[in-house]
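What follows is a set of notes on a single structure, which appears directly below.
The values are calculated or read from the model by the stated rules, or taken from the named source; none is laboratory data. From a predicted model like this one, the values you see are computed outputs, not experimental measurements. Heads up, the Cβs are rebuilt from the backbone with ideal geometry, glycines too, and the neighbour counts pull from every protein chain shown.
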Amino acid sequence: MLNFFAEDIPFDLAKPLKTKKWIKNTSISEGYDISELNYIFCSDEYLLEINKQYLDHDYFTDIITFDNSEEDNKLEGDIYISVDRVRENAETFQADFETEMRRVLIHGLLHLMGYQDDTESLKKEMRAKEDQYLLQF
């Protein structure tokens with residue numbers, strides 16, 4: 001089950017059915033099945049509160065991923081995405097908003113599959129995976 005929700009802002013993801021199929025195909029390519037995955041789109045302020053409450057971080061971020069998986073190779077989790085931050089990042093990186101949103105969607109999925117980005121080499125690996133899957137949209 002793969003769901004898209006808007007929490008505190010009005011937001012409709014472009015091409016939701018195509019996006020769901022793309023996310024499912026990405027997980028299958030990596031050897032995972034999606035058990036239950038919720039993408040929650042929200043504002044900067046909403047995600048900041050989650051960041052403070054659960055991670056003890058006092059700064060804006062574009063995404064926070066909560067892994068609720070209990071079985072190997074079965075993805076279950078909640079992925080919160082700040083639409084404000086994605087929009088700003090798209091401008092900063094001179095990218096199309098839809099492309100930047102897809103990058104963030106896959107970024108969260110990759111985190112659930114165990115990919116990390118806390119060192120430069122891991123960031124490069126994750127960016128390469130994001131690029132690979134963006135081409136498959």
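A few remarks follow.
- Test: PHE4 is surrounded by 12 or more Cβ atoms within 10 Å (Cβ to Cβ), without any contact (Cβ under 8 Å) to a residue 40 or more places away in the chain, in contact with a helix residue (DSSP H, G or I) (Cβ under 9 Å, 6 or more places away or on another chain) and assigned to a strand (DSSP E or B): yes
- When restricted to residues that are closer than 25 Å to PHE97 by Cα and either in contact with a Ser or Thr (Cβ under 6 Å, 6 or more places away or on another chain) or of a type outside the set (S, T, N, Q) (or both), the stretch 8-50 contains 28.
- Here ILE63, ILE50, ILE81 are screened, and the one residue that is touching a His at 6+ places or on another chain (Cβ under 8 Å), aliphatic (A, V, I, L, M) and crowded, with 17+ Cβ neighbours inside 10 Å is ILE63.
Conditions tested, residue by residue: (1) of a type in the set (Gly, Ala, Ser); (2) in contact (Cβ under 8 Å) with a residue 60 or more places away in the chain; (3) not in a loop (DSSP other than H, G, I, E, B).
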{"site": "ILE9", "(1), (2), (3)": "no, yes, no"}
{"site": "LEU13", "(1), (2), (3)": "no, yes, no"}
{"site": "THR19", "(1), (2), (3)": "no, yes, yes"}
{"site": "TRP22", "(1), (2), (3)": "no, yes, yes"}
{"site": "THR26", "(1), (2), (3)": "no, yes, yes"}
{"site": "GLU36", "(1), (2), (3)": "no, no, yes"}
{"site": "ASP58", "(1), (2), (3)": "no, no, no"}
{"site": "THR65", "(1), (2), (3)": "no, no, yes"}
{"site": "ASP72", "(1), (2), (3)": "no, no, no"}
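- Of the residues ASP117, ASP44, ASP84, the single one that is among the charged types (D, E, K, R) and at pLDDT below 95 is ASP117.
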